[in-house]
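Taken together, the values in this text are just the output of simple stated rules run on the coordinates, not laboratory data. Since this is a predicted model, take the numbers as computed values, not measurements. FYI the Cβ positions are ideal-geometry reconstructions off the backbone, even for glycines, and counts take in every protein chain you see.
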Amino acid sequence: MTGSALYLLDTNITAYIVSGRSPSAREMLKQTLQHAAVAISATTEAEILFGLELKPEAARLRASIEALFQAVEIRCWDSAAAHAYGRLRGRLKTVGKSLAEMDLLIASHALATGAVLVSHDKAFQHVTPFLTVVDWATDLQGSTSPKPAE
């Protein structure tokens, strides 16, 4: 998919998709996969797997997660992401803003890969001067951050 957009899913959007909590996010994923690349950061993968570990009885959820992991690329957090992290964290500190550590890692990964970050988390409004952020869970109200693999 050379030249097409890349969308990097944040943990909450990933959780909304696999749990079915946001039909809108599921539909956007389905539509986007037809014309663009969709990925998750290995950081998001780790958060989702942590949430799944807390629910060993959730066989259907595990199957949904595995299906999503097969449908999207899982991107390794690398040196380019580390450099983007340093720049982004420095820029945020300069303007008096911050993000939770895992959110900052994921935002940095999106920045390093030139991806559009997909999240329902309003905390990412602080990075919009540096990174494009979109919300596919438009059917959900407010800023909610579910536990991984909710």
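Within segment 28-47, whose backbone N sits under 18 Å from a point 7 Å along Cα→Cβ of residue 138? 28-36, by backbone N distance to the label point.
Given the Cα-Cα distance of residue 78 and residue 57 and 0.36 nm per residue of separation, how much length would full extension add, in nm?
4.2 nm
Between the Cα long axis of helix 79-94 and the first principal axis of the chain there is an angle of about 60°, rounded to the nearest 10.
Each other residue within a Cβ distance under 13 Å of residue 36 adds +1 if Lys or Arg and -1 if Asp or Glu, for a net charge of 0.
With angles folded into 0 to 90 degrees, how steeply does helix 42-53 sit against the dominant principal axis of the chain? Use alpha carbons for both and round to 10. So the helix axis and the longest Cα principal axis differ by about 40 degrees. For residue 6, enumerate residues with amide H under 5 Å from its amide H, sequence gap 5+ or separate chain, H modeled in the peptide plane. Excluding prolines and chain starts, which carry no amide H, the hits are 116. Other residues within the sphere of radius under 14 Å centred on the Cβ of residue 70, judged by their own Cβ, net out at -2 (K and R +1, D and E -1).
Consider a paramagnetic label point 7 Å from the Cα of residue 27 along Cα→Cβ; state which residues of segment 107-133 have an amide N under 13 Å from it. Under cut-off, by backbone N: nothing. Just add up the charged neighbours of residue 6: K/R +1, D/E -1, any other residue whose Cβ is under 10 Å from the Cβ of residue 6. After counting each charged neighbour, the total is 0.
Among 52, 88, the order by Cβ neighbours within 10 angstrom, fewest to most, reads 52, 88.
Karplus-based coupling profile of segment 111-126, in residue order and whole Hz: 4, 5, 9, x, 8, 7, 7, 10, 8, 9, 7, 5, 4, 6, 4, 5, with θ = phi - 60° in 6.51 cos²θ - 1.76 cosθ + 1.60 and x standing for Gly or Pro.
Near residue 40, the amide H atoms lying under 5 Å from its own belong to 9, 73, 74, 75; only residues 5 or more places off or on other chains count, and H is placed 1.01 Å from N.
Please report, to one decimal in angstroms, the Kirkwood hydrodynamic radius of segment 6-134 built from all distinct Cα-Cα pairs.
For segment 6-134, the Kirkwood estimate is 14.9 Å.
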